[in-house]
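Just so you know, all these numbers are worked out from the coordinates, no wet-lab data involved. Source: prediction; values computed, not measured. Because the Cβ atoms are built from the backbone with ideal geometry, glycine has one as well, and the counts that use them run over all protein chains shown.
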Amino acid sequence: MQIGIIGLPQVGKHTLFRLLTNIQENRGKDQTMVGVAKVPDPRMDNLVAYYKPRKISYAQIEATVVPGMEPGRNQEFLKGLRSVDALVMVVRCFRAPHVPFIDNALSDPLAQVRAIQEEMVLADWTLAETRLTRLQKEAKANPRTAADPALFSRLSAALAEGIPVRNIPLTKEEQLALQGLTFLSAKPAIVAVNIDEEQFRTASYPGKEQLHAWAEKEGLAVIEVYGQLEMEIGELSAEDRQLFLADAGIKETGLEKLAKAAYQLLGLISFFTVGEDEVKAWTVRQGSTAKEAAGKIHSDIARGFIRAEVVPYASFVAHNGFHGRANGGPRLEGRDYLVQDGDIIHFRFNV
């Protein structure tokens, strides 16, 4: 999974990036950075403790953070986000006199996220206009064979009104026609609110209700992250980190919140392969078949698929491992079996 981190200057984008990737290097706020985060999953932790494998492979999120949005500089940086699966729009609520807002009119979190969306819509309008102009020229030159520019004319008009692509009614055929264009305002998005100590303690910040109401209407997820404290705790050893998180009352870290929200937005689930050699988490779309999950591991396994030996994670825990079928052991499933979140699977195949 790939996510893009975006936001105005001085809101904590690089703080969130470092929380996710544990990359402490700071190359400057005018450069794009890419890093990888391990997806935390207590089920993986338990499987690792049981098998004690030689290799441990958590699911991963690749994160890209771009420089803060500034007038006249956004189009080039936004191009680097067109290939990501989801966007994380960082907005600032924390108060720090030494870190001023770039504009006092943007001190409200809803105003910030709207400003981000406006920039994405503008970038998408430019893309739609470019494609529309090309199609109109092709239609004049070859009216019988050229594609109909009507779809892009409608898109361009809606985007010019400030309407994001995700809110423009499209048929299935039209959605297919747009697949290769990767409009930014069509992507699933998470609003990450960077809060301070008092806001964390009171679970409240200015504009919270309005932001959540707007995000729900737009189909966006919202998470709150106490970035500064998590950065400080992240510098501790793993053992001390857990103690300080508990003492601070942080039940879920920013990474845990973001991963959960991203999986839900994108309709993703995890299944596991286990053994003494390796315990590994795999990510597939909800509704994937056993054969499709096998192909995630290797195309040869999918091509030679025979059966899938499946144990739900809950059964594994209840019976403390793999046992006979009567005691929650593996059941045999065919290629069309729909993989469930948490399934532990061993594939039988022949090539």
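Near Gln136: Cβ cut-off under 13 Å, other residues only, Lys/Arg at +1 and Asp/Glu at -1. The net charge is +1. When the chain is treated as a Gaussian network with alpha carbon springs shorter than 10 Å, the biggest mean-square fluctuation among Ile223, Ile102, Ile23 belongs to Ile102.
Rounded to the nearest 20 Debye, what is the dipole magnitude of the chain about its Cα centre when Lys and Arg each give +1 and Asp and Glu each give -1 at the C-beta?
1180 debye
Taking the number of Cβ atoms within 10 Å of each Cβ as an exposure proxy, the fewest-first ranking of Val84, Val279 is Val84, Val279. Between Gly12, Gly219, Gly180, the GNM of the chain built on Cα springs shorter than 10 angstrom shows Gly180 fluctuating the most. The ranking of Ser270, Ser185, Ser204, Ser153 from fewest to most other beta carbons within 10 Å of each one's beta carbon is Ser204, Ser153, Ser270, Ser185. Counted by neighbouring Cβ atoms within 10 Å, the residues His319, His98 run from fewest to most as His98, His319.
The label-point distance for Arg114 and Glu198, in a model that sets each label 7 Å from Cα toward Cβ, rounds to 2.5 nm. Taking every DSSP helix (H) stretch of at least 4 residues in the chain, weighting each as -39,500 (n - 2.57) and dividing the sum by the residue count yields a mean residue ellipticity at 222 nm of -12000 deg cm²/dmol. Based on a Kirkwood Rh over C-alpha pairs, give the Stokes-Einstein translational diffusion coefficient of region 287-349 at 20 °C and viscosity 1.002 mPa s in µm²/s. Answer, rounded: 183 µm²/s. Spacing of the modelled spin labels on Thr182 and Gln210, each 7 Å from Cα toward Cβ, amounts to 3.4 nm.
Working ranking of peptides 245-252, 2-9 by packing, defined as the average number of other Cβ atoms within 10 Å per residue, highest first, is 2-9, 245-252. With unit charges on the beta carbons (Lys and Arg positive, Asp and Glu negative) and the dipole taken about the Cα centre of the chain, which residue among Ile6, Ala261, Ser83 sits farthest to the positive side? Working it through, the farthest residue towards the positive pole turns out to be Ser83. Remark: for residue pairs Lys251/Lys291; Lys13/Lys251; Lys13/Lys280, the C-alpha separation exceeds 26 Å in Lys251/Lys291; Lys13/Lys280. Considering only Arg134, Arg201, Arg95, the Gaussian network model of the chain with Cα springs below 10 Å gives its largest mean-square fluctuation to Arg134. List the residues of region 46-64 whose backbone N lies under 11 Å from a point placed 7 Å from the Cα of Glu276 along the Cα-to-Cβ direction. Inside the label zone: 52-54. Identify which of the listed values of P(r) over Cα pairs in 20 Å bins from 0, in percent was calculated from the structure shown: (i) 26, 50, 24, 1; (ii) 29, 60, 11, 0; (iii) 29, 54, 15, 2. So the calculated entry is the one marked (i).
Share of Cα-Cα pairs in region 117-185 beyond 20 Å, in percent?
Considering region 117-185, 26 percent of its Cα-Cα pairs are separated by more than 20 Å.
Modelled this way, with points 7 Å down the Cα-to-C-beta line, the labels at Lys55 and Ile297 are 1.3 nm from one another. What does the charge count around Leu110 come to, taking other residues whose C-beta lies under 15 Å from its C-beta (Lys +1, Arg +1, Asp -1, Glu -1)? My count for the surroundings of Leu110 gives -3. Which log10 I(q)/I(0) values does region 27-128 give at q = 0.13, 0.14, 0.25 Å⁻¹ under the Debye formula, counting every alpha carbon as one identical point scatterer? So the normalised log intensities are -0.67, -0.73, -1.43. A Förster distance of 30 Å, applied to the separation of the beta-carbon atoms of Asp103 and Ala238, puts the FRET efficiency at 0.15.
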